[in-house]
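The values are calculated or read from the model by the stated rules, or taken from the named source; none is laboratory data. Remember, predicted model here, so these are calculated numbers, not experimental data. Note that we place each Cβ from the backbone using ideal geometry, even for glycine, and neighbour counts take in every protein chain shown. In case anyone asks, the SASA skips ligands and DNA or RNA and just uses the protein heavy atoms, side chains included. Shrake-Rupley method; radii C 1.70, N 1.55, O 1.52, S 1.80 Å.
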Amino acid sequence: MRGESTPNGAVRPAAGAPRGASRGPDGLIGILTKIVLLGLVDAAAAYGLFQLAVSEEWAVFAISLLVTLAINWIYLGKKNLPAKYLAPGLIFLLVFQVFVMFYSTYIAFTNYGDGHNSTKEDAVHAIQLSALERVPDSPQYAATVVEDGDELLLLVTDPTGQVSLGGPEQPLEPVEEPVERDATGKAVAIEGYETLQFADLLNRQADVAELVVPLSDDLEDGTLRTQDGSTAYVFKPRLTYDAEADTFTNTSTGVVYSDSGEGTFRSADGQELGVGWKIHVGLENFERAFTDADLRGPLLQVVLWTFAFAFLSVLTTFALGLFLAIAFNRADLRGKRIYRVLMILPYAFPAFLSGLVWSGLLNPQFGFINNALLGGADIAWLTDPWMAKFSVLLVNLWLGYPYMFLVCTGALQSLPPDVEEAARMDGAGAWRIFTAIKLPLLLVSLAPLLISSFAFNFNNFNVIYMLTGGGPRFGGTTFDIGATDILITMVYKVAFGTGTGRDYGLASALAIIIFIVVAVVSTISFRRTKALEEIN
Amino acid sequence: MKVHTRTISRRSAALGALGVSAVLALSACGGSTEPAETTAASGSAAAGDTTLTMWTDAERAPALEGIAAQFEEEKGIAVDLVVKDFAAVRDDFITQAPTGKGPDVLVGPHDWLGTLVQNGVVAPVQLGDKAGEFSEASVQAMTYEGQTYGVPYSVENIALIRNTALVGEAHEDFADVVAAGQAAVDAGDAEFPFLVGLDPKQADPYHMYPLQTSFGAPVFERGEDGSYDVSKLAMNNDGGKDFAQLLADHGDQGTGVFNSNITGDIAKEKFAAGASPYFLTGPWNIPVIEEAGIDFAVDPLPKAGPEAAQPFIGVNGFFVSAHSKNQLAANEFVVNYLSTEAAQDALFDQGGRPPALNASFEKAASDPVVAAFGEIGADGVPMPAAPEMQAVWADWGATELSLIKGNAADPAAAWEEMSQNIEAKFEG
């Protein structure tokens, strides 16, 4: 009996393969279409490859080239029929799943996050940039960039009108010979040097940025630099970097900051410089997941609620969806299509939007539910811990039942009508037919969907975060974790919301742990589903 | 029939393949266009090839379009304005700047600075003599750990908006304000004595802050330059506890003046409907109130304690990426062009945010509403920008919420506990 419903899907490709092998070449239109489509693909690929070559992204270039060649080989050849079907799916799988998973895993073993954002080089550069301070009360110079051969120099006019000239190799010296000045009195040209116009400056931005003119032979006096090519200031670094020793030294206090091994520069007394860099930290993030007091404290409550939330969400949405599917499956019901479309509507709203809308509807004083539906009742839907849990489930039921309705309708319609007839002949009542015949048959095809629905709700961030934000907060804990927080929202808050900013490394590690939990639960459930199948 | 199905499936497979390679090719192009452009810019002779990329959000974009076009006309440098989601601007910038694919210039509020500096993605700018032409608070806001990182263009703060049809004159003390509001409610003219938008999950320490400072309980101690020193929490004093008591007295168990069910949107809607004589809010809600035809006045912030009520100041500004390959052009645009009176005037005309440049502000202040907000803001201090603020806001808001809801039996103890939690996080 049940053989008919499930093998349907499985049989078709098997029957298709032998036919494909025996078929002759395509018609003219088919070949032309193929050539045109492949041509378009290759044109796009060639453009992409060219751009990649220009920007010297060789790794991506090589991969793109291989993929393009493979696509051409697969679709031009006559033999690779299975590959023709599999290639698009495989490429999507690699790009959107495998790559993402490997990348998250990689991040989990680093300290990537706010303050550890990039490479050590970038960090050194950033520290040097922000440590370069203008010397207090030093004059502001009007500057002109001039060129002598290939060397750039600064021709500056101080507020008193004194003109000086200097370059990287020659400290600033007053100019005695006459210079050409503009209306503001700024020296704009000097004999023997060529003045760079604004357009020239734009073409040599990097050179101008590196142009550093010592004020005198003594570097302690500071250096002149210009950021815009028209104004120069005297700068002195607060910290100097010694590339060989790999240390920063504070020029006024003499404190030395050295690589702490944790992606920061740290002084002997534990002071860290603001900007750090990304390093590999091994299992540290995983260790933190199990030892961090932020996480450990309310963890048990959150884990229990996560399982309860996921389980109850599946149960309630499935119950309502199934009930409605059966109710709307009656052959003699009129206007069924309209009802079905209306039923599915909540499914069409984005979950985060619904969360926000519902949080407005559930406002105790001004919300539609209390005000209009319950005649001005004062029910604290979202602010009482138990009511908030109830509200979250209720909203998730509203969001989730259309999906269950859809899949149940589909499964119900594929049940052969003669089973029901036979049962009725044997004298079974409606309830008995449902529990003993229909439900077990439905579960065979629906159980995998219920498991995936459980996995989805286990990580249903949108509903929780948009509706209650995880609140109301637990009393007696110092952390921003509340009664409706599930694991994923807690992870989000711990990794992104507290302390000193976002911590992608910790977030990835926690996500991997959650993945393992969900994977274990799902595997066990799938095993049991197979048992269910065999019993039938 | 069978043959028909098969041809279709072959075709759809081919289409699928096309889709895949198109996506691949497109993603490859998307990633590589920018470097290609920069190479072209530095390689050729004409200045017209230099393009600055600027990120902004939908709210700030309209004010910038005109100014960007004008800059291109005058200096020959094109400004490519990329409009992104507000929250994404900062976070995407932090992740993308180090890869070299971020923008050259960024527009945003000053309280991003802490995080931007922590990640080393913004470069300091030198305002030089121009610093004196801006309002002091705006330059202070753009300064983080002693360095100036941005050019401010607008300064905003909250004030008390009064419906002049319901309450005739301004009151200085919060008690008088509540009494006047209550009188209007008792007379049947209004529904609420006082409105302030609160978040039902987090309350709103930002809007409540002037009341808190009037008790002499600023969030942090102020450093030498007048800005907040994030390492020294100052609100854990007797004034803070008095403020906690005030929240409880006017909360759910008290007069109900502070009502956490009233969100910012509900408060705006009710005030625009004439349902309350008072609304504690910022200039961003003024257009709605004007449209609703409410006659209003901008009153000084009411004080509940013995000291002056100081608001937080929010400053918008332009930042230059530390990873920009167009440092010179970006500085020319941000420091030399956007700081001019003409540019700041234009930004105000198109965006409506009170200018940070003194000369432009004076012109804008011919509008009495702008002038009144500006006068109130003169007492204010920029919101702290340190990355640690995220944790402070969370604890601060949650405690204020529980005080307003009457969940804390002893307000002073709840305030004390909050301060200790925040201090513990700073140490940890």
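Charges were assigned to the Cβ only: +1 to each Lys and Arg, -1 to each Asp and Glu. The resulting dipole of the stretch B:279-388 about its Cα centre is roughly 400 debye. For B:K303, a cut-off of 16 angstrom between C-alpha atoms picks up these lysines, skipping any fewer than 8 places away in its own chain: B:K241.
Between A:H280 and A:E121, the contour length at 0.36 nm per residue exceeds the Cα-Cα span by 55.7 nm. For B:G216, the residues whose modelled amide H falls within less than 5 Å of its own, excluding neighbours fewer than 5 places apart on the same chain, are B:E307.
Taking amide H as placed 1.01 Å from N in the peptide plane, A:L239 has its amide H under 5 Å from the amide H of A:T251, each at least 5 places away in sequence or on another chain. Remark on chain A: ratio of C-alpha radius of gyration to 2.2 N^0.38 Å is 1.46. Local charge sum around B:A342 (other residues, Cβ-Cβ under 12 Å, Lys/Arg +1, Asp/Glu -1)? Net charge around B:A342: -3.
The residue list A:P214, A:S453, A:V124 was ranked by how far each Cα lies along the charge dipole of chain A toward its positive end, using unit charges on Cβ atoms, and A:S453 comes out on top. Counting every Cα pair in chain B, what percent are over 32 Å apart? In whole percent, the long-distance tail amounts to 45.
Calculated accessible area for the stretch A:293-535 comes out at 50 Å² per residue, all protein chains present (probe 1.4 Å; ligands, DNA, RNA ignored).
The distance from the alpha carbon centre of the stretch B:286-322 to that of the stretch A:110-161 is 37 Å, rounded to a whole number. The GNM of chain B, with springs linking C-alpha atoms under 10 angstrom apart, assigns the highest mean-square fluctuation among B:A292, B:A87, B:A180 to B:A87. Excluding ligands, DNA and RNA, the accessible surface per residue across the stretch A:136-237 is 50 Å² with a 1.4 Å probe. For chain B, the per residue solvent-accessible surface stands at 38 Å², with DNA, RNA and ligands left out and a 1.4 Å probe. Across the stretch A:165-170, coupling constants 3J(HN,Hα) worked out from phi with the 6.51/-1.76/1.60 Karplus curve, θ = phi - 60°, read 9, x, x, x, 9, 10 Hz, and Gly and Pro carry x.
Straight-line reach only, C-alpha to C-alpha below 18 angstrom: list the lysines that A:K34 could link to, leaving out same-chain residues fewer than 8 apart. In chain and number order, the partners are A:K78, A:K79, A:K84. In terms of the mean number of neighbouring beta-carbon atoms within 10 Å, the peptides B:161-173, A:373-385, B:95-107 order highest first as B:95-107, B:161-173, A:373-385.
Per-peptide packing, taken as the mean over residues of other Cβ atoms within 10 Å, places A:319-329, B:216-226 in the sequence A:319-329, B:216-226 from highest down.
In the structure shown, the pairs A:K278/B:K101; B:K84/B:K325; B:K201/B:K268; B:K101/B:K130; B:K232/B:K425 are assessed against 23 Å; a Cα-Cα span above that value is assigned to B:K101/B:K130. Over what distance in Å are the Cα centres of the stretch A:217-234 and the stretch B:76-148 separated? The distance from the Cα centre of the stretch A:217-234 to that of the stretch B:76-148 comes to 23 Å.
The mean number of partner chain beta-carbon atoms within 10 angstrom of a residue's beta-carbon across peptide A:116-124 is 4.
The mean count of C-beta atoms from other chains within 10 Å of the C-beta of residues in A:52-65, rounded to a whole number, is 3.
From the mean inverse distance of alpha carbon pairs (Kirkwood) and the Cα radius of gyration, derive Rg over Rh for the protein assembly as shown. With Rg and the Kirkwood Rh in hand, the quotient comes to 1.01. Between B:P311, B:P287, B:P387, the Gaussian network model of chain B with springs among Cα atoms under 10 angstrom shows the greatest mean-square fluctuation at B:P287. For chain A, the longest principal axis of the Cα atoms and the long axis of helix A:7-22 meet at an angle of about 70 degrees. In chain B, helical runs assigned H by DSSP with n ≥ 4 each contribute -39500 (n - 2.57); averaged across all residues and rounded to the nearest 500, the mean residue ellipticity at 222 nm is -14000 deg cm²/dmol. Chains A and B together bury roughly 6300 Å² of accessible area, counting both sides, with a 1.4 Å probe on protein heavy atoms only.
Summing Lys and Arg as +1 and Asp and Glu as -1 over all other residues whose Cβ lies under 13 Å from the Cβ of A:T157 gives a net charge of -1. Volume of the convex hull of the stretch A:356-490 (Cα atoms only), normalised per residue: 148 Å³. By the rule of a C-alpha distance below 25 Å, with chain neighbours fewer than 8 residues away ignored, the lysines paired with A:K530 are A:K438.
The accessible surface of the protein assembly as shown, taken with every protein chain in place and a 1.4 Å probe, is 59 percent carbon and sulfur.
Put simply, when A:487-496, A:53-62 are sorted by average Cβ atoms within 10 angstrom per residue, most first, you get A:487-496, A:53-62. Other residues within the sphere of radius under 15 Å centred on the Cβ of B:A87, judged by their own Cβ, net out at -3 (K and R +1, D and E -1).
Placing +1 on the Cβ of every Lys and Arg and -1 on the Cβ of every Asp and Glu, with no other charges, gives the protein assembly as shown a dipole of roughly 8380 debye about its Cα centre. Its relative contact order, with pairs defined as Cα atoms under 8 Å and 6+ residues apart, puts the stretch A:201-311 at 10 percent.
Considering helices alone, the calculated mean residue ellipticity of chain A at 222 nm is -16500 deg cm²/dmol, with DSSP H runs of length four and up weighted by -39500 (n - 2.57) and normalised per residue. Taking the alpha carbon gyration tensor of the stretch A:32-90, multiplying each eigenvalue by 5 and rooting it gives semi-axes of 23, 14, 7 Å, largest first. Once C-alpha pairs closer than 8 Å and six or more residues apart are averaged by separation and normalised to the residue number of chain B, the relative contact order reads 24 percent. If you plug the beta carbon distance of B:E416 and A:F50 into 1/(1 + (r/R0)^6) with R0 = 41 Å, you get a FRET efficiency near 0.05. Comparing the stretch A:136-237 with the 2.2 N^0.38 Å rule of thumb, its C-alpha radius of gyration ratio is 0.98 (two decimals). Taken residue by residue and averaged, Cβ atoms of other chains lying within 10 Å of the Cβ of A:84-95 number 4.
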